[in-house]
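Novice: One structure, pasted below without further comment.
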Amino acid sequence: MNSCKEVCLGIAITLMLTAAVSPAHGTASYDVSTINDGGRQSEEGSEQHQITWGRPNTNTAYFDDNTATNVTAVVGQKAMLPCKVLNLDKRDVSWIRQRDLHILTVGIFTYTSDDRFQVYHPENSNEWFLEISSVTFRDAGTYECQVSTSPKIFLPVTLTVEVQQAKINGPKEIYIQNGSTIKLTCIVNTHAENVGSVTWYRDTTELDYDSPRGGVSLEIEKTPLRTTSKLFLTRAVKADSGNYTCAPQFADSAVVVVHVVNGEESAAVQTANSMTLHSDIRILFWCLLMLLLYHAAR
């Protein structure tokens, strides 16, 4: 109900400000030519990340043109930035961080005190992966794979870092009838291998098959697009009320509040919700009426 009042108040203030600042005739316009020119000048004056592939012949090292140049990783997990070099011979492959031009690796050796960075180079292969364990937001940006040819060739690879968010289906506050089954479904829309294990808690107590409460069961389903975890608690009692948390290993948690009530309490809650709904409808009606009167007066 408070949110509806805030919306109405916002609408009223917006209408008053609009009436006060709107020009009497026509609409405001802006000359965007200067802005656009400035943007072009800025782009021309700045150094862009471009790929220097090298040439695919028998004498010169070059990058495999199937190499991915955009990689997405999840906070807390490992990132693998690819670089495949053909005709390398005895030349060195280096990884540079563009943000500070810091040399991270040369060949198989690491040149940074941050031990999360290292090169993964399978024996007798053309692959030179930059491996970053336990990725953080600060690791996002562009990295260059360089080869010590003359002239030097380089391949920029952009790393995007994201946080995954779990979501529990339904409202944030749930009322369950005493003696019924609590059913909660948690979804993380991401690749299955990025989620890790999913743990459920009631307040600070972990819920699993071995919980002293008994009657707890879990189902999990992983697909290339999402991970779904379902929690079931049979024969709910008052003590089962609390904050239920779905906590994936590599994603932000989701929380829902569960109230276990008897029949009389359930009816009272439904009545209160119905009264709130009718009040909200009345407020929305007056909002619409204000809008109609405003447009009729213009």
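Novice: For region 180-258, take the alpha-carbon Rg, divide it by the Kirkwood Rh, and send me Rg/Rh.
Specialist: Ratio of gyration radius to Kirkwood radius for region 180-258: 0.97.
Novice: Q98 label point, 7 Å along Cα→Cβ, cut-off 15 Å on backbone N: hits in region 157-179?
Specialist: Only 157-161 pass the distance filter.
Novice: Loop only by DSSP, 16 or fewer other Cβ within 10 Å of the Cβ. Give me the chymotrypsin sites (Phe, Trp or Tyr not before Pro) in region 190-257 that pass, ordered by residue number.
Specialist: Y209
Novice: A further question follows. Keeping the other protein chains in place, figure out the carbon and sulfur percent of the accessible area of region 69-203, with a 1.4 Å probe.
Specialist: 48
Novice: Among 170-177, 223-230, how do they line up by average Cβ neighbours within 10 Å per residue, starting with the highest?
Specialist: Packing order, densest peptide first, comes out as 223-230, 170-177.
Novice: Ok, one more. Would you please give the FRET efficiency between V237 and K167, computed as 1/(1 + (r/R0)^6) with r the Cβ-Cβ distance and R0 = 35 Å, to the nearest 0.05? Intermediate results must be reported in sequence, preceding the final value.
Specialist: Details: r = 27 Å, r/R0 = 0.77.
Computed FRET efficiency for V237 and K167: 0.85.
Novice: Name the long-range amide H neighbours of T105: under 5 Å, sequence gap of 5 or more, or other chain; modelled H, no Pro or chain starts.
Specialist: W95, Y111
Novice: Along Cα→Cβ, 7 Å out, is where each label goes; now give me the distance between the ones at T112 and A297 in nm to one decimal.
Specialist: Here the modelled spin labels are 6.1 nm apart.
Novice: Of K78/K230; K167/K222; K183/K238; K172/K222; K167/K230; K167/K238, which sit over 18 Å apart, Cα to Cα?
Specialist: K78/K230; K172/K222; K167/K238
Novice: Which of rounded, prolate, oblate describes region 72-187, given a ≥ b ≥ c as roots of the alpha-carbon gyration tensor eigenvalues and a/c under 1.5 marking rounded, otherwise prolate only if a/b is larger than b/c?
Specialist: Verdict is prolate for region 72-187.
Novice: Continuing with this model, one more query. In region 104-262, what % of DSSP beta bridges are antiparallel (nearest 5)?
Specialist: Percent antiparallel among DSSP bridges in region 104-262 is about 90.
Novice: R0 = 41 Å: FRET efficiency of I283 with S180, Cβ-based, nearest 0.05? Present the calculation step by step, with values, prior to reporting the outcome.
Specialist: Numbers: r = 34 Å, r/R0 = 0.82.
Efficiency for this residue pair is about 0.75.
Novice: With θ set to phi - 60°, apply the Karplus curve 6.51 cos²θ - 1.76 cosθ + 1.60 along region 77-88 and write out the HN-Hα couplings as whole Hz, x wherever there is a Gly or Pro.
Specialist: Going residue by residue, I get 10, 8, 10, 10, 9, x, 7, 10, 10, 9, 6, 5 Hz, with x marking Gly and Pro.
The values are calculated or read from the model by the stated rules, or taken from the named source; none is laboratory data. No experiment lies behind these values; they were computed from the predicted model shown. Neighbour counts run over all protein chains shown; Cβ positions are idealised from the backbone, glycine included. All accessible areas refer to the heavy atoms of the entire protein, side chains included, with ligands and DNA or RNA removed. Shrake-Rupley method; radii C 1.70, N 1.55, O 1.52, S 1.80 Å.
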